[in-house]
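Everything below concerns the one structure shown next.
The values are calculated or read from the model by the stated rules, or taken from the named source; none is laboratory data. All figures in this text were calculated on a predicted structure; none of them were measured in a lab. Every residue, glycine as well, gets a Cβ built from its backbone with ideal geometry; the counts of neighbours run over all protein chains shown. Each accessible area value is taken on the protein alone, full model and side chains, heavy atoms only, with ligands, DNA and RNA left out. Shrake-Rupley method; radii C 1.70, N 1.55, O 1.52, S 1.80 Å.
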Amino acid sequence: MSEIKDIGLYESGERKIQWVKANMPLLRALEEEFSADKPFKGLKVALSVHLEAKTAYLCRVLAAGGANMYITGSNPLSTQDDVAAALVKGGLNVFAKHGASAEEYHAHIEKVLECGPNVIIDDGGDLVNTIHNEYPDLTSGVIGGCEETTTGIIRLKAMENDGKLRFPMVAVNNAKCKYLFDNRYGTGQSVWNGINRTTNLIVAGKTAVVAGYGWCGKGVAMRAKALGAKVIVTEIDKIKAMEAVMDGFSVMPMVEAAKYGDFFITVTGCDNVITEKSFLNMKDGAIVCNAGHFNVEINVDDLERLAVEKELKRDNIMGYKMPTGAWVNLLAEGRLVNLAAGDGHPAEIMDMSFALQALSARYAVENREKLKIGVNYVPEEIDRRVAEMKLASWGITIDTLTPEQEKYINSWNV
């Protein structure tokens, strides 16, 4: 039971999966562990994550643990059809197509949920929102689940605050081994990979405007600086703005930054970050893209309305000529540039994030009676285990406290 573009594409997808598997030692270890323990035996797992090779390998690890997998993507432009085909060829249920319309994308979410899931693994909150809004009778069968992203956790917290969230969800994004590495180093590298492969333009000597200075924004700004760009940060948070200044970046409102930027990257989790006033201030040739989960940070409707001319400049680059005469170039329709115009985070980074997902899903199942209905956090022991596994995969050992040191740091009268 699947709905994909073409099963005949599976060989290419299988090669991609095998490549990332070779570079994901944590998931390989968990695949072996789960194969022996079968923590998800007889359970139906609904998963909505960007459907590319690294996600596919996570799906196989969960299936090795006994899960009946029902899989879709979390963004129409990040789904890779050959990877979806490889999963179906291997016997998993997949409902996803690259470039799906909004209606098709939603229908795929619905088909995944119609299995009556016991566990939900979400990226952005679409599965959780849809099951609550359209299939409330199925929520009683959900043991719990995991959420991958900052945006998804914002939605979960809003549901919890309104008393609407009906089952436990583990906030994987809030684990240290997620946000310190995936959000910072993963986003930083993958965003610029997507920009560079799409535009084929130099970054050095240009000005990059980064909207938002959370962990993802820090990573994007850090990589821009490493590539030789001058960096301007826009923020609404006073403390984060201070951080950006002390990290060596300029800080100003977006409407002012628009005058100087060559590249614009939004990574805030909010809507309407770049709108009409900023577009009209941009210089000719400005490159605009989004690295937040939803395609709402750049107001594309404003671009469409303002444009006196529109032209496809290059694959994944749409040019809009402003009344000022300047061309503003939008990458990947304003969707996640690192996935809609690239392959997403490096495999070694997602190895940690997906190890957290797999272990947190197991934790939710094994602690179903203990978890509160609402947002729960990844236990410290899972975070530490992932860190230990990662260091071991690098062949790195670290110091440990002696008994005397333990006594010293836990004493006050010394």
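Among residues belonging to segment 274-304 that are assigned to a helix (DSSP H, G or I) and open to solvent by less than 10 Å² (accessible area, probe 1.4 Å), point out the one that is nearest to MET318 (Cα to Cα).
First pass over segment 274-304, keeping only residues assigned to a helix (DSSP H, G or I): 276-281, 300-304.
With open to solvent by less than 10 Å² (accessible area, probe 1.4 Å) added as a condition, the list becomes 278-279, 303.
Working: SER278: 18, PHE279: 14, LEU303: 11 Å.
Among those that are assigned to a helix (DSSP H, G or I) and open to solvent by less than 10 Å² (accessible area, probe 1.4 Å), it is LEU303.
Looking only at segment 340-349, decide whether some residue is in a strand (DSSP E or B), open to solvent by 20 Å² or more (accessible area, probe 1.4 Å) and among the hydrophobic types (A, V, I, L, M, F, W, C). Break it down into steps so the answer makes sense when it comes.
Going residue by residue through segment 340-349, those that are in a strand (DSSP E or B) are none.
No, the conditions are met nowhere in segment 340-349.
Using the structure shown, decide if ALA63 is assigned to a helix (DSSP H, G or I), surrounded by 23 or more Cβ atoms within 10 Å (Cβ to Cβ) and modelled with pLDDT of 95 or more.
Working: assigned to a helix (DSSP H, G or I): yes; surrounded by 23 or more Cβ atoms within 10 Å (Cβ to Cβ): no; modelled with pLDDT of 95 or more: yes.
No; evaluated as a whole, the condition is false for this residue.
Selection of segment 96-140 for residues being within 12 Å of GLY73 (Cα to Cα), in contact with a Phe, Trp or Tyr (Cβ under 9 Å, 6 or more places away or on another chain), modelled with pLDDT of 95 or more and open to solvent by less than 10 Å² (accessible area, probe 1.4 Å) yields ALA96, HIS108, ILE109, VAL112.
Please count how many residues of segment 362-414 are of a type in the set (Val, Ile, Thr), open to solvent by 60 Å² or more (accessible area, probe 1.4 Å) and outside any helix (DSSP H, G or I).
Of segment 362-414, the ones of a type in the set (Val, Ile, Thr) are 365, 373, 375, 378, 382, 386, 396-398, 400, 402, 409, 414.
Checking the rest, the ones that are also open to solvent by 60 Å² or more (accessible area, probe 1.4 Å) come to 373, 396-398, 400, 409, 414.
Going one step further and asking which of them are outside any helix (DSSP H, G or I), we end up with 373, 396-398, 400, 414.
Going through segment 362-414 one residue at a time, the tally reaches 6.
Restricting attention to segment 186-215, the residues being of a type in the set (Phe, Trp, Tyr) and either open to solvent by less than 10 Å² (accessible area, probe 1.4 Å) or farther than 19 Å from GLY269 by Cβ (or both) number 2.
What is the residue count in segment 305-317 for residues that are free of Cβ contacts under 8 Å to residues at least 60 places away in the same chain, open to solvent by 50 Å² or more (accessible area, probe 1.4 Å) and not in a loop (DSSP other than H, G, I, E, B)? Count: 6.
Count, please, the residues in segment 143-156 that happen to be open to solvent by 10 Å² or more (accessible area, probe 1.4 Å) and modelled with pLDDT of 95 or more. Summing the residues that are open to solvent by 10 Å² or more (accessible area, probe 1.4 Å) and modelled with pLDDT of 95 or more in segment 143-156 gives 1.
So which of THR198, THR187, THR234 ends up being under 30 Å from GLU348 (Cβ atoms), in contact with a strand residue (DSSP E or B) (Cβ under 6 Å, 6 or more places away or on another chain), among the hydroxyl-bearing types (Ser, Thr, Tyr) and modelled with pLDDT of 95 or more?
Step by step, each of THR198, THR187, THR234 is checked, and only THR198 is under 30 Å from GLU348 (Cβ atoms), in contact with a strand residue (DSSP E or B) (Cβ under 6 Å, 6 or more places away or on another chain), among the hydroxyl-bearing types (Ser, Thr, Tyr) and modelled with pLDDT of 95 or more.
For segment 124-212, the strands (runs of 3 or more DSSP E) that sit wholly inside it and include 2 or more residues that are free of Cβ contacts under 8 Å to residues at least 60 places away in the same chain and in contact with a helix residue (DSSP H, G or I) (Cβ under 9 Å, 6 or more places away or on another chain) are 207-211.
Do we find a residue being in contact with a strand residue (DSSP E or B) (Cβ under 7 Å, 6 or more places away or on another chain), modelled with pLDDT of 95 or more, open to solvent by less than 40 Å² (accessible area, probe 1.4 Å) and hydroxyl-bearing (Ser, Thr, Tyr) anywhere in segment 76-86?
Step one: filter segment 76-86 for residues in contact with a strand residue (DSSP E or B) (Cβ under 7 Å, 6 or more places away or on another chain), giving 78, 84.
Okay, now just the ones that are also modelled with pLDDT of 95 or more, so 84.
Now restrict to residues that are open to solvent by less than 40 Å² (accessible area, probe 1.4 Å): 84.
Pick out the ones that are also hydroxyl-bearing (Ser, Thr, Tyr) and you get none.
No, that holds for no residue.
Within segment 28-51, being open to solvent by less than 10 Å² (accessible area, probe 1.4 Å) and either over 27 Å from LEU138 (Cβ atoms) or not hydrophobic (A, V, I, L, M, F, W, C) (or both) holds for LEU30, SER48.
Evaluated against (1) part of a strand (DSSP E or B); (2) among the β-branched types (Val, Ile, Thr); (3) touching a residue at least 60 places away in the same chain (Cβ under 8 Å), ILE71 falls short on exactly one condition, (3).
Within segment 257-282, residues that are at positive phi sit with their Cβ atoms under 6 Å from residues that are open to solvent by less than 40 Å² (accessible area, probe 1.4 Å) and modelled with pLDDT of 95 or more, at 6+ positions apart or across chains, in these pairs: ASN272/ASN299.
Residues checked against (1) touching a helix residue (DSSP H, G or I) at 6+ places or on another chain (Cβ under 6 Å); (2) small (Gly, Ala, Ser); (3) on the phi < 0 side of the Ramachandran plot:
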| site | (1), (2), (3) |
| --- | --- |
| ALA46 | yes, yes, yes |
| ARG60 | no, no, yes |
| ILE71 | yes, no, yes |
| LEU77 | yes, no, yes |
| ASP81 | yes, no, yes |
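In the set (1) within 16 Å of VAL337 (Cα to Cα); (2) in contact with a strand residue (DSSP E or B) (Cβ under 7 Å, 6 or more places away or on another chain); (3) of a type outside the set (Asp, Glu), the condition left unmet by GLY219 is number (2).
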